[in-house]
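Engineer: What follows is a single structure, and I will ask about it in a moment.
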Amino acid sequence: MNWTRSFLDNHSVFGRLMTRCGILIAGNLLFLAFSLPVITIGASWTALCYTMLKTLRSGEVNPFAAFWKGFRENLVQATAAFLLLSLLTVFLMLELFWCGQFEGPVALFRYGILALLLAEIVTAAYLFPTMAAFRGTLRELLRDSVYFAVGHPLRLVLVLLAHTVPAALTYFDAQRLPLYAFLWCLIGFSGIAMFCGKLMLTSFAPLLSKAEGEETDGEEEQSQGEILRDMEKLGM
């Protein structure tokens, strides 16, 4: 009986795995529920990123309390960011369609538009996790999300693949659509947030550690990312 009790203990490998799975499922369901108004998708994604980052740092969290805290604190800012990015996407897609109606020099503009769309995707992929981890104005968070993205190109590629490959598989593999739909509803979004959070936390961690009590010389020259050290949200 001792080995059974040990196996089922919350601090055992099995117990920690089940706890992590529970957090992933709960976070995913909360994200779907809070995204139903559509306009709140940005705030819901930020809250999901906040929950996954807290989980990665502490090991165990109450997903309901963490999600609600992340949603409440970022509702206005994340919603504004989501609306701005959505409007920009619509504008660029219309411009891309318009350029496709022409040939010659005008058609070449499509490559510039595609580059802007890629830059927007990169910014969005990093903006909401950065917003979940740090405080600051939207302009500051936009700047620093770009800083985190371009500072680690390999991690950036992995983050983009994590966001695009599952969506591409769902879109192109119609025969397995029911399976993909089940996975998206169960842990699809939270799994992506957890994976990307794990990658980004490597960049965030030094700044979060400084924000939790390290004193630095006020005259020391700081990089853009280091400016965030006094604005962290994820203190345990």
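The values are calculated or read from the model by the stated rules, or taken from the named source; none is laboratory data. It should be emphasised that the depicted structure is a prediction, and the values quoted were computed from it without experimental measurement. Because the Cβ atoms are built from the backbone with ideal geometry, glycine has one as well, and the counts that use them run over all protein chains shown. Quick note on the areas: whole protein, heavy atoms, side chains included, nothing else; ligands and nucleic acids left out. Shrake-Rupley method; radii C 1.70, N 1.55, O 1.52, S 1.80 Å.
Engineer: Would you point out the residue of the range 117-159, among those that are among the small types (Gly, Ala, Ser) and within 16 Å of the chain's Cα centre (by Cα), that is most open to solvent (accessible area, probe 1.4 Å)? So that I can check it myself, show each step before the final result.
Structural biologist: Of all residues in the range 117-159, those among the small types (Gly, Ala, Ser) come to 119, 124-125, 132-133, 136, 145, 149, 151.
Restricting the remaining residues to those that are within 16 Å of the chain's Cα centre (by Cα) gives 119, 124-125, 132-133, 145, 149.
Details: Ala119: 51, Ala124: 28, Ala125: 8, Ala132: 0, Ala133: 0, Ser145: 0, Ala149: 2 Å².
Across the range 117-159, the extreme among qualifying residues is Ala119.
Engineer: Here's something else I'd like to know. For His152, only one of the following conditions fails: (1) touching a residue at least 60 places away in the same chain (Cβ under 8 Å); (2) in contact with a helix residue (DSSP H, G or I) (Cβ under 7 Å, 6 or more places away or on another chain); (3) of a type outside the set (Ser, Thr, Tyr). What is its number?
Structural biologist: So His152 meets the others, but not (1).
Engineer: Moving to a separate point now. Taking the residues in the range 166-196 that are small (Gly, Ala, Ser) and in contact (Cβ under 8 Å) with a residue 24 or more places away in the chain as candidates, determine which candidate is surrounded by the fewest Cβ atoms within 10 Å (Cβ to Cβ). Before you say what the answer is, go through the steps one by one.
Structural biologist: Our first condition is that a residue be small (Gly, Ala, Ser); within the range 166-196, this holds for 167-168, 174, 181, 188, 190-191, 193.
If we keep only those that are in contact (Cβ under 8 Å) with a residue 24 or more places away in the chain too, we end up with 188, 190-191, 193.
Working: Gly188: 20, Ser190: 26, Gly191: 18, Ala193: 29.
It comes out as Gly191.
Engineer: Can I ask one more? Any idea how many residues of the range 65-116 are over 18 Å from the mean Cα position of the chain (by Cα) and open to solvent by 90 Å² or more (accessible area, probe 1.4 Å)?
Structural biologist: So the count comes out to 13.
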